[in-house]
Amino acid sequence: MQVVGIWLFVQNQLFSNSKDKKDFFLLFFVYSYARILKPNAMRKGLCFIFVMPMVVSMIPVASQPCANPANIYSFTYNGKTYEVVKEMKNWTDAAACSVERGGYLVEINDEAEQDAVYDGIINGAGVSPTYTSVPDGGGVAYVWIGATDKETEGAWYWDGDNNGSGSHFWQGEGTAGAGGGYAVGGAYVNWGGMSTGVPNEPDNFGSGQDAAAIALAGWPSGSTLLGIAGEWNDLSITNSIFFVIEIGNTGIGEPGNDAIKIYPNPVNDLLTVQPLNPAQEIQSLRLLNILGRSILVQSCSQGTKQMIRTGGITSGMYLLSVVFTTDQQVIVPVAIRK
């Protein structure tokens, strides 16, 4: 009875996956057989040595965040949150980290956004223009953005979550490459050379330059022959550099820019939701999983700041629907981590 009781407690506490429970049961059965029916010291010792390590290896271990919060600088612009992550990652890993944090590698759609992002990198996050040197980027430092042509050479898309789709904004190469490149549908671009009116980049130098980044100095190093600080260059996707995440406040009938502030995000136990407009009051909060199913519904009393207990909710990515007393709605991503 004692062994059965221990098994029931452990498997229910540690394993939510039915396969894990089955595997644990089989291993525990072997251990129990040796322990109860064959109480030979050698058998017990061998069982402990060979079986228990397998059991321990099945115990879930809390995953580490993709980036240390101490290395992240956050700022807001036009109702969106941006994070400058000062950790070295290749483009693929940077995109994955962006998704984990509820966003995507930044998509820059106009000059004002470009200026805000570059200012956030240099003056906000304090990234040194010489923090690294990228060999295939003229020997200067860069920061990843969400543009890539990894699916089809020369067809540049904003695909900051790396899901193989996005907005097609540029086709072809600049004058430093094959030439003939052009902005699709009048999309905003800031490739190297745009300050002179002629885009030199992208050029797919040496082939395999399938992701874009913001330069922190003119290039090639010590010159501005191909581009100046702030302009974009195409680089090998395997380079490890800093990156910028964009977390947009998407919604239906959004009540203006900078609608709400949610913190902390990611959250462990208590999430605070606060309208940035003092005149706005929250009517209800609804937390949905990635399938769109409601996990939590909370009606709100009068007042602006509201709080949600998330301690009993499984770790993962969710959407928070915030409905105001004016029936306007905002939907924002929320990451729950234990």
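The values are calculated or read from the model by the stated rules, or taken from the named source; none is laboratory data. Since we're looking at a predicted model, the values are computed, not measured. Virtual Cβ from ideal backbone geometry, glycine too; neighbours counted across all protein chains shown.
Would a scan of segment 72-91 turn up a residue that is of a type outside the set (Asp, Glu), under 27 Å from Gly164 (Cα atoms), modelled with pLDDT of 95 or more and in a helix (DSSP H, G or I)?
Checked segment 72-91: at least one residue is of a type outside the set (Asp, Glu), under 27 Å from Gly164 (Cα atoms), modelled with pLDDT of 95 or more and in a helix (DSSP H, G or I).
Within the bounds of segment 223-243, is there any residue that is surrounded by 15 or more Cβ atoms within 10 Å (Cβ to Cβ), of a type in the set (Asp, Glu) and modelled with pLDDT of 85 or more?
Yes: one or more hits.
Does any residue in segment 168-185 that is in a loop (DSSP other than H, G, I, E, B) come within less than 8 Å, Cβ to Cβ, of a residue that is loosely packed, with under 15 Cβ neighbours inside 10 Å and not aromatic (Phe, Trp, Tyr) six or more places away or on a different chain, and which pairs are these?
Gly172/Ala178; Gly172/Gly179; Gly172/Gly180; Gly174/Val198; Thr175/Val198
I'd like the full set of residues that are touching a His at 6+ places or on another chain (Cβ under 8 Å) and of a type in the set (Val, Ile, Thr), limited to segment 149-206.
Val184
Confirm whether Asp161 is closer than 19 Å to Ser236 by Cβ, among the charged types (D, E, K, R) and not in a helix (DSSP H, G or I).
Taking the combined requirement at face value, the residue does not satisfy it.
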